[in-house]
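Structure first, commentary second.
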Amino acid sequence: MKMYEKAPAKINLMLDVLHKRPDGFHEVEMIMTMVDLADRLEMSELRRDTIIISSQAGYIPLDEKNLAFQAAKLLKERYKVGQGVHIHLDKKIPVAAGLAGGSSDAAAALRGLNRLWQLGLSSEELQELGAELGSDVPFCVTGGTALATGRGEKLTPIASMPQCWVMLAKPPINVSTAEVYGKLRADRIAVHPSARLMREAVEAGDFQAVCGRLGNVLEEVTLKLHPEVQQLKQAMIRLGADGVLMSGSGPTVFGLVSKQSKVARIYNGLRGFCKEVYAVRSLT
Ligand code: ATP
């Protein structure tokens, strides 16, 4: 038997860091939403009691470091599953990009294996398991648009993001999420974006207000480390995107665009100096 799952990428409409906690995690407030750029997972039953990961992408770990592997292992151990599984990852989401590709793969593996192994777990139970794998995994289990607090695992679903185009551009640099959080001085953040105001804009379906209230405190760190991210932001604004922000810890920059007529021009303009550019729809 086989199961298929889509694992969409996420963007942060706002990301604020409130303080560093005694346990080393940062207390955050984020509003996250899914976009229509997705990895695809094919999960096939194996008689042998083993977990095999394969992928056409040459640049991700295929062993126990892979988050989909970790999701399968967690379910197997917790629910004493005697069967094995082969998970093939068709990667489309750029890696280490701030788009939660690995977290979304883990969440899709939890959903798919819950069905394949007939575990009967609820979304809430899958989210709790996901929190053991990574802070973004619980959100990726259910997707949609949500306010995330705590270290990102406490979720409040909100109304869908207004329909729009999302331009994604990833400069050819690798950004380590741990390094960015490590360099952030949470007590010295100049401007905190407001989760409340962003939530109100999303719930009112007010696209222009969403664009006006985008904010990500991690830009302070990543833009200093990598000035090309700032240049990419400026290029997207110049080309006519309605709102522009770095996603997560970067380096991917996204631009929200309401008019389809602008999409080709922005895409072509960005492709002039950035190889990895995508024009996708917001997921509602
Ligand atoms: P986030 O936005 O949650 O910080 P990200 O988009 O920055 O995530 P990922 O694409 O999830 O980053 O990759 C981060 C690291 O995780 C990579 O260096 C990669 O080696 C590792 N990794 C583990 N499993 C996967 C997976 N299934 N897909 C991609 N990367 C994975």
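Worth pointing out:
- When the strands (runs of 3 or more DSSP E) confined to segment 1-114 are screened for residues that are under 20 Å from the mean Cα position of the chain (by Cα) and either of a type in the set (A, V, I, L, M, F, W, C) or at negative phi (or both), those reaching at least 2 such residues are found at 2-20, 26-46, 84-90.
- Identity of the residue in segment 251-284, modelled with pLDDT of 95 or more and part of a loop (DSSP other than H, G, I, E, B), that ends up most open to solvent (accessible area, probe 1.4 Å): K259
- Figure legend. Inter-residue proximity from segment 167-181: first residues in contact (Cβ under 8 Å) with a residue 60 or more places away in the chain and more than 8 Å from the ligand (Cβ to nearest atom), second residues assigned to a loop (DSSP other than H, G, I, E, B) and open to solvent by 20 Å² or more (accessible area, probe 1.4 Å), beta-carbon distance below 6 Å, spacing 6+ or different chains. Indicated pairs: I173/H226.
- From the options F25, F69, residue that is open to solvent by 50 Å² or more (accessible area, probe 1.4 Å), within 16 Å of the ligand (Cβ to nearest atom) and aromatic (F, W, Y): F25
- Subset of segment 167-215 [surrounded by 16 or more Cβ atoms within 10 Å (Cβ to Cβ) and more than 28 Å from F25 (Cβ to Cβ)]: M167, A169, F207, A209, C211
- Residue within segment 50-62 that is free of Cβ contacts under 8 Å to residues at least 24 places away in the same chain, surrounded by 12 or more Cβ atoms within 10 Å (Cβ to Cβ) and within 12 Å of the ligand (Cβ to nearest atom) present: yes
The values are calculated or read from the model by the stated rules, or taken from the named source; none is laboratory data. As the structure is a computational prediction, the values presented were derived from the model and not from experiment. Please note: Cβ atoms are built from the backbone with ideal geometry, for glycine as well, and neighbour counts cover all protein chains shown. Accessible surface areas use protein heavy atoms only, side chains included; no ligands, DNA or RNA. Shrake-Rupley method; radii C 1.70, N 1.55, O 1.52, S 1.80 Å.
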